[in-house]
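What follows is one structure encoded as structure tokens, with my remarks underneath.
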Amino acid sequence: MSVTLNAYNKLLNILPIERLYVILSMITTLDNTLQRALAERFDIPLPLSATALPSLTQPGRNGGLGLRSMALVAPAAKWASAAVVANDITHLTNNMNNLLPIVTDMMVCYNILANNGVEVADRPQGYHNQNNQDAADYEHKKKLGFFECKHYAIPNNPAHLTTFYNGDTNLPDLQRSLTKQQEDHLLQTLKESNQFLPSDKVRFNSIRLKPTAHFINHNSSRIILNNAHIAMGVRMRLGIHPLPAFNPHTCPLCLKDMSDNPYHALGCGKLKQTVVHARHDKACALIAEFARSCDAVATCTTRSDGSKGDTVPDGYIYLRNKSISFDVTGINTHFKSYETREARTNGGALKDREGAKIKTYRQHAADNDLEFIPVVIDLYGRCGDKAIKLFEDIALELTSIDSYRAPHINMSLTDFMIELSCIWQKFNARIISQWACKSRQVIYKRNNRR
Ligand SMILES: [Zn+2]
């Protein structure tokens, strides 16, 4: 990634001095080269489909991998610089018959921005804050790194640049706002097109949530992911087959058609359940460990704790003001029924599964004076609302009254979410690898019998 950063830095140095229309093709070449480099690194077949490409170039908040397109950033950057100095150079631009590079650039930028969905406003009304945040709140959120940037339009006539922003020379977030509008517009156009399938909708709904990407951005000192684990996760986030080199139409194990469900491996009924159980058990153990690090008492049950047909939950957590039983389930949101449900409501499949689990475990919880919390996790690592609330409650346990533990012993909520994401991705990759291994053995035996 250091190569990427160097390339970007050089480009940003060239940007202010070169005319935009001269370097636009160079910027596009750079975008394409970076995409090719990433594709090679993660074994991604090229060219990328109409839905995979935005998954790569969109920012994290929209569910992308964040390899942002410089062809979108550059015009926004140029326009923002021109706006800031507009007042100082008006007399120059007026006397030079508009031949100055900055004027030509302004026009090029203006057309690109307007064509790419940036809001065009008639009156020089300046800019406004989209959410009416007050200044202190804005600064606070900016410090924490999850602020909504201010929203800016562009004038209906580029010559109004000097008056449109009230001659202001301090325009925070102008470039960011213009880039954001272009990115959002591209994504919205894709979502409204017929290339955007129900499976894409499920995928985008899940992966736009930050915790699902933790396995890419963060290292856990305890859960080490290798290249294959990460590459498989990246391909899944792009909507590409997790194993591009082994891609049969029919599952060799259960003979189901898997041409429209590349993630069949994660839910194949004929796969030995050991590795699926391992993913589940690791997640349960991590939840209990997180709770214990936050001063709660927590235990996990084992498979032998209940005879067949019993509804024994996966574990118990005793917080100061309530006792909880919980049960973890991983769901494959690409099953047809789940996709149909998700097409109607974002997160609907997770909610349905939570409801079903509550029904199953309600009696056991009532009999034992417990509150039952379902922990439902989809294949991208998105957790249901009830699980998120449980994790937040656990984290709050530590701050609720004085703790005797030293801070370094506690696992923070973020650390926990990072470990959960890493565990989930690592075991997803293992499940898929095991499915591929078994499938190849079956094919080999079948061929040798003939
Ligand atoms: Zn199968």
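Just so you know, the Cα atoms of segment 197-450 work out to an Rg and Dmax of 19.2, 72 Å. Less than 5 angstrom separates the built amide H of GLY315 from those of THR301, PHE326, all sequence-distant by 5 or more or on a different chain.
Loop-resident trypsin sites (Lys or Arg not before Pro) (DSSP state other than H, G, I, E or B) in segment 233-324 with no more than 16 further Cβ atoms inside 10 Å of their Cβ: LYS256, LYS270, LYS272, LYS308, ARG320, LYS322.
Sorting 333-342, 360-369 by average packing, meaning the other beta carbons within 10 Å per residue, from highest down gives 333-342, 360-369. Legend: translational diffusion of segment 316-430 by Stokes-Einstein, Rh = Kirkwood radius over C-alpha pairs, 20 °C, 1.002 mPa s; D = 137 µm²/s.
As a rough footprinting exposure proxy, the listed residues ILE224, ILE388 were ranked by other beta carbons within 10 Å of their own, and the order from fewest upward is ILE224, ILE388.
None of the figures in this text is laboratory data; all of them are computed from the coordinates on show. Quick caveat: nothing in here was measured; it's all calculated off a predicted structure. Neighbour counts run over all protein chains shown; Cβ positions are idealised from the backbone, glycine included.
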